[in-house]
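Peer 1: Sharing a structure, written as structure tokens. Questions coming.
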Amino acid sequence: MQKEVGERTEFDRLFAELAKVSNEGSGDGFFENVMKLLATYCNADFAILGLLDNDDEKYIQTKCVFKQGVAVDNFKYARGGTPCENVLSHDACIYPRDVWAEFPLDKMLKDESIEGYLGYPILDEQQRSIGLIALLFRDRLVDTKKLKLITDVFATRIGAEMRRSKLEQQLTTMAFTDYLTGLPNRTTLLKQTNKYQISAGRKDHDGLLMLFDIDHFGEINRKFGTETGDQTLKIIGERLSHFASESCFVARYGGDEFVIAFPSLNGEMNALVRTHWTALSAVFKRTCIVGNRKINLTCSMGATVFPSQLHESVDIMGAAEHALAKAKQSGRDSYCVFEPAIIDYIERSRSLEQELLNALSQAGELFMVYQPKVDRNHKLWGIPS
């Protein structure tokens, strides 16, 4: 009875410490702290947290490894011929003694003189094995029931944290990725362009941003329906995604607009703009096959060279939008590069519009004037209606 009370108190302390670690943080630090706690309590010579390798599930990629309580470098190893394979295929796996003899092909067991082994699977939200906890001992295991109970609790907590982390990553992806095309969305684009503008200013070089708009895209939705329109956008997005690299950022700006940004370019800018326009407009003009329909497109593009050609009253995207509007006014299927004169024209138009609005709101500012109509003898015969 006294022994049971002592063990219960011991468990309570351990699980209280586990709860404390859980509350202190998340991420890789959480897994390291939990595994260190487990290794220390169980007096394990090795404590390993491993996950199935994303590229080949025949291998395990360790997430954290402790050797005699000290963190060591992670490594990758084949599951075949190790007790870990049984853990992932079945359930908790315990070898109280002579585990090295059971698995003669496992070099680590032999080299480290491992006698006892306890492995426990890590499960995902669908109760599938995605990894494992492995505790290795140079001495034979005595109280296997106790070790299994403790490892079960730790494996459950680690699995819960992995599921939480996965969900958090999914939510983050949703927040910064366009749901339809899978490209970075407007939010990501604006963050990226801010970084580009700051970087370009510091390094004294220019970048190029190109804003593409599909000409008369509304007609596709009207004639064939929004589903066909969405599929067309997905096709264009997939094509443009092949251009994405460290030196080329691709995003969906919204609606039928896409952005291609080059953070750093060398050479004569007008020639570079023409070259990229020729290549990228061809992506839009290539026929899109949606079901049994062939969709043919053209596009318009507004470009801005930053920071050298920016205007103090407009940012990168604003400049590209103004250039795109001018390209559309020119008849579409064409491009325009932003220049400060565009802003001067826009500001004059805005100023005139504001003056008219102010005049309308104040009595006496606007009044009617009639132009009299007279005949050749200068006789008044009417006024305009």
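Peer 1: Assess whether ALA155 counts as being surrounded by 15 or more Cβ atoms within 10 Å (Cβ to Cβ), of a type outside the set (Ser, Thr, Tyr), within 25 Å of PHE11 (Cα to Cα) and without any contact (Cβ under 8 Å) to a residue 40 or more places away in the chain.
Peer 2: yes
Peer 1: So, restricting to helices (runs of 4 or more DSSP H) that lie completely within segment 126-231, which ones have at least 1 residues that are under 15 Å from GLY255 (Cα atoms) and not hydroxyl-bearing (Ser, Thr, Tyr)?
Peer 2: Because the criterion is at least 1 residues that are under 15 Å from GLY255 (Cα atoms) and not hydroxyl-bearing (Ser, Thr, Tyr), the helices (runs of 4 or more DSSP H) in segment 126-231 that meet it are 186-203, 217-224.
Peer 1: Could I ask something else about it? What tally of residues in segment 103-129 results from selecting those that are touching a strand residue (DSSP E or B) at 6+ places or on another chain (Cβ under 6 Å), modelled with pLDDT under 95 and not hydrophobic (A, V, I, L, M, F, W, C)?
Peer 2: Of the residues in segment 103-129, 5 are touching a strand residue (DSSP E or B) at 6+ places or on another chain (Cβ under 6 Å), modelled with pLDDT under 95 and not hydrophobic (A, V, I, L, M, F, W, C).
Peer 1: Let me ask something additional. Pull out all pairs, ordered by first then second residue, where Cβ-Cβ is under 8 Å, the residues are six or more apart or on different chains, the first lies in segment 350-373 and is more than 25 Å from PRO384 (Cβ to Cβ), and the second is surrounded by 10 or more Cβ atoms within 10 Å (Cβ to Cβ).
Peer 2: Every condition considered, the pairs that remain are ASN358/GLU365.
Peer 1: When you scan segment 262-276, how many residues do you find that are assigned to a strand (DSSP E or B), modelled with pLDDT of 85 or more and surrounded by 16 or more Cβ atoms within 10 Å (Cβ to Cβ)?
Peer 2: Counting residues in segment 262-276 that are assigned to a strand (DSSP E or B), modelled with pLDDT of 85 or more and surrounded by 16 or more Cβ atoms within 10 Å (Cβ to Cβ) gives 2.
Peer 1: Now for a separate question. When the residues of segment 178-214 are filtered to those that are surrounded by 17 or more Cβ atoms within 10 Å (Cβ to Cβ) and farther than 14 Å from VAL259 by Cα, which remaining residue is modelled with the highest pLDDT?
Peer 2: Out of the qualifying residues, it is ASP206.
Here is a yes/no grid of residues against (1) closer than 30 Å to GLN169 by Cβ; (2) at pLDDT 85 or above; (3) among the acidic types (Asp, Glu):
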{"residue": "ALA16", "(1), (2), (3)": "yes, no, no"}
{"residue": "ALA19", "(1), (2), (3)": "yes, no, no"}
{"residue": "SER22", "(1), (2), (3)": "yes, no, no"}
{"residue": "GLU32", "(1), (2), (3)": "yes, yes, yes"}
{"residue": "ALA47", "(1), (2), (3)": "yes, yes, no"}
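Peer 1: Taking segment 39-88, which residues are touching a Ser or Thr at 6+ places or on another chain (Cβ under 9 Å), farther than 25 Å from ASP139 by Cβ, free of Cβ contacts under 8 Å to residues at least 60 places away in the same chain and in a strand (DSSP E or B)?
Peer 2: The answer is LYS76, and nothing else.
Peer 1: Something else now. With respect to ARG128, determine if the residue is exposed (fewer than 13 other Cβ atoms within 10 Å of the Cβ) and basic (Lys, Arg).
Peer 2: For ARG128, the condition - exposed (fewer than 13 other Cβ atoms within 10 Å of the Cβ) and basic (Lys, Arg) - is met.
Peer 1: How about segment 281-385: which strands (runs of 3 or more DSSP E) wholly inside it have at least 1 residues that are in the same structural domain as LEU208 (by TED's automatic domain parsing) and either in contact with a Leu (Cβ under 6 Å, 6 or more places away or on another chain) or at pLDDT 90 or above (or both)?
Peer 2: Here the list reads 288-290, 293-295, 299-306, 335-337.
Peer 1: Looking at (1) over 25 Å from GLN309 (Cα atoms); (2) in contact (Cβ under 8 Å) with a residue 24 or more places away in the chain, find the lone condition where GLN197 falls short.
Peer 2: For GLN197, the failing item is (1).
Peer 1: Residue pairs, Cβ under 7 Å, 6 or more apart or interchain, first in segment 315-336 and without any contact (Cβ under 8 Å) to a residue 60 or more places away in the chain and buried (at least 16 other Cβ atoms within 10 Å of the Cβ), second assigned to a helix (DSSP H, G or I) and of a type outside the set (Phe, Trp, Tyr). List them.
Peer 2: Going by the 7 Å Cβ cut-off, the qualifying pairs are HIS322/ILE342; HIS322/ILE343; HIS322/ILE346; LYS326/ILE342; SER334/ALA327; CYS336/ALA323; CYS336/LYS326; CYS336/ALA327.
The values are calculated or read from the model by the stated rules, or taken from the named source; none is laboratory data. Keep in mind that this is a model prediction, so the values were computed, not measured. Ideal geometry is used to build each Cβ from the backbone, glycine not excepted, and the neighbour counts take in all protein chains shown.
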